[in-house]
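Participant: Can you read through this structure? Questions will come right after.
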Amino acid sequence: MHTFREVATAAYCPRKLYYRHRDPEADVDVPDRVAARRELAFRYDELLDTDAELLAAPIAVTPTQYRSRLGRLRARLDDWEGVADPDERDVHLAGRECRGVAHKVVDDPPRPSLVFAGDPPDEGVWEPQTVRLVAAAKALAWERGRPVETAFAEYPAHGVVREVDLTTRRKAAYRSAVRTADAIDGPPSRTDDRAKCDPCEYAADCGVTTRSMRSLL
C-alpha cells in the first residue's frame, strides 16, 4: 500500500520516487523549519489575538497581512472552528490503496485537512498536493464508510486555507499517480521540467544536468 507522500511524489516526478524508495534515510524526522510552520496551523486563534506571538511566529508575510488573511478566513469559512481547533489531529488513515496521516480531520461532514509548509499557488493547490488531498480523502471515506467530497489545504506560514472540491479531474490525477507508483520497478525517464531538479535532493544521483541561461547562450 502506498503512502500519501509516495503518490504525491509520483505525481511530481516518478524518478524522484524511484530514488526515494532506494534511500534508507528517506523517512527521517521532519525538519525543524517545516515542523515550526506546520504548528502554526494549530495556533490561528492565538495568532489572531496576541501580538507578541504573531511577531515571533515563522510567517512568510507581514503581521498585518497575516492577521488580515486570518480575519477574512474566520469570517468566511463555515468550518472555521473545526479547522482552527480540530477534534482530531495527526490522524493515521488507511484506505483501500493508500495510507498516511491527515494533520486534521474536520467532522460533519468528515473532511481531511493537510498542512503544507511551502508557498501556495495564486489559486487552488499544486498538483502533487491535490493528489495527496485526494488520497487522504479516499482513505478517510474508506474508514468512515461514507463519501468525502472536499478537503482542506492549509498554508499556515501565509495564513491561507483553501477548501478543495474533489472533482473528476483531481480524482483522475490521483488515479494516474497511483498507477505510476504501482509501475515503478526501475528508474523512470528523466523529467523534462528541469525546474523540479534544482531543489531535488536526488539530483546528483539522478544524473540530470541543469544549465543556466548564460551557459545555453
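Values quoted throughout were computed directly from the atomic coordinates according to the rules given, and no laboratory measurement underlies them. Since the structure is predicted, the reported quantities are computational estimates derived from the model, not experimental observations. With ideal geometry, Cβ positions are generated from the backbone for all residues, glycine too; neighbour counts draw on all protein chains shown.
Participant: Which order results if S113, S189 are arranged by neighbouring Cβ count within 10 Å, fewest first?
Facilitator: Going from sparsest to densest Cβ surroundings: S189, S113.
Participant: At what distance in nm do the modelled label points of D165 and A75 sit from each other, each positioned 7 Å from its Cα along Cα→Cβ?
Facilitator: Result for the modelled spin labels: 2.5 nm.
Participant: Apply the Karplus parameterisation 6.51 cos²θ - 1.76 cosθ + 1.60, with θ equal to phi minus 60°, to every residue of the stretch 53-66 and state each ³J(HN,Hα) to the nearest whole Hz, in sequence, with x for glycine and proline.
Facilitator: In residue order, the calculated couplings are 5, 5, 5, 8, 6, x, 8, 9, 10, 5, x, 5, 4, 4 Hz.
Participant: Going by Cα centres, the stretch 33-63 and the stretch 105-139 are how many Å apart?
Facilitator: Using only Cα atoms, the two centres lie 20 Å from each other.
Participant: Rounded to the nearest 5, what is the percent of antiparallel bridges among the DSSP beta bridges in the stretch 2-191?
Facilitator: Values: 15 of 20 bridges.
Bridges in the stretch 2-191 that DSSP calls antiparallel: roughly 75 percent.
Participant: I want the local charge near V131. Using Cβ-Cβ distances under 11 Å, sum +1 for each Lys or Arg and -1 for each Asp or Glu among the other residues.
Facilitator: For residues surrounding V131, the net value is +4.
Participant: What are the residues whose amide H is under 5 Å from the amide H of V160, where those residues sit 5 or more places off or on another chain and H is modelled from the backbone?
Facilitator: Y155
Participant: Pop out the ³J(HN,Hα) list for the stretch 121-134 in order, Karplus 6.51 cos²θ - 1.76 cosθ + 1.60 with θ = phi - 60°, rounded to Hz; leave Gly and Pro as x.
Facilitator: x, 4, 9, x, 9, 5, 4, x, 6, 4, 4, 5, 5, 5
Participant: Magnitude of the Cβ-charge dipole of the chain, K/R +1 and D/E -1, about the Cα centre, nearest 20 debye?
Facilitator: For this selection, approximately 980 debye.
Participant: Counting helices only, and only those DSSP H runs with n ≥ 4, report the 222 nm mean residue ellipticity of the chain as the sum of -39,500 (n - 2.57) divided by its residues, in deg cm²/dmol to the nearest 500.
Facilitator: About -12500 deg cm²/dmol.
Participant: While we're here: Please go through the stretch 10-54 and write out the GluC sites (Glu not before Pro) that DSSP classes as loop and that have at most 16 other C-beta atoms within 10 Å.
Facilitator: E25
Participant: Quick one: which of 123-133, 71-81 comes out on top by average Cβ neighbours within 10 Å, and what's the full order, highest first?
Facilitator: Peptide ranking by packing, descending: 123-133, 71-81.
Participant: First measure r as the distance between the Cβ atoms of E123 and E88, then evaluate 1/(1 + (r/R0)^6) with R0 = 30 Å and state the FRET efficiency to the nearest 0.05.
Facilitator: For E123 and E88, the calculated efficiency is 0.60.
Participant: Projected onto the charge dipole of the stretch 1-102 (+1 at Lys/Arg Cβ, -1 at Asp/Glu Cβ, origin at the Cα centre), which of A41, H21, H92 gives the Cα projection farthest towards the positive end?
Facilitator: Result: H21, furthest along the dipole toward the positive end.
Participant: Could you list which residues have their amide H under 5 Å from that of R111, counting only those 5 or more apart in sequence or on another chain, with H placed in the peptide plane?
Facilitator: Amide H neighbours of R111: V106.
Participant: Tell me, in nm to one decimal, what length is gained between T50 and T150 on full extension, where the rule is 0.36 nm per residue of separation less the Cα-Cα distance?
Facilitator: The span from T50 to T150 would gain 32.9 nm if fully extended.
Participant: If r is the Cβ-Cβ distance from D198 to E39 and R0 is 25 Å, what FRET efficiency results, to the nearest 0.05?
Facilitator: Using R0 = 25 Å, I get an efficiency of 0.35.
Participant: Tabulate in residue order the Karplus-calculated ³J(HN,Hα) for the stretch 149-158, using 6.51 cos²θ - 1.76 cosθ + 1.60 with θ = phi - 60°, rounded to whole Hz; enter x for Gly and Pro.
Facilitator: 10, 9, 8, 10, 10, 10, 10, x, 5, 10
Participant: Among [x] 28, 21, 15; [y] 30, 23, 15; [z] 23, 21, 16, which one is semi-axes √(5λ) of the Cα gyration tensor in Å computed from these coordinates?
Facilitator: Calculated semi-axes √(5λ) of the Cα gyration tensor in Å: the matching label is [y].
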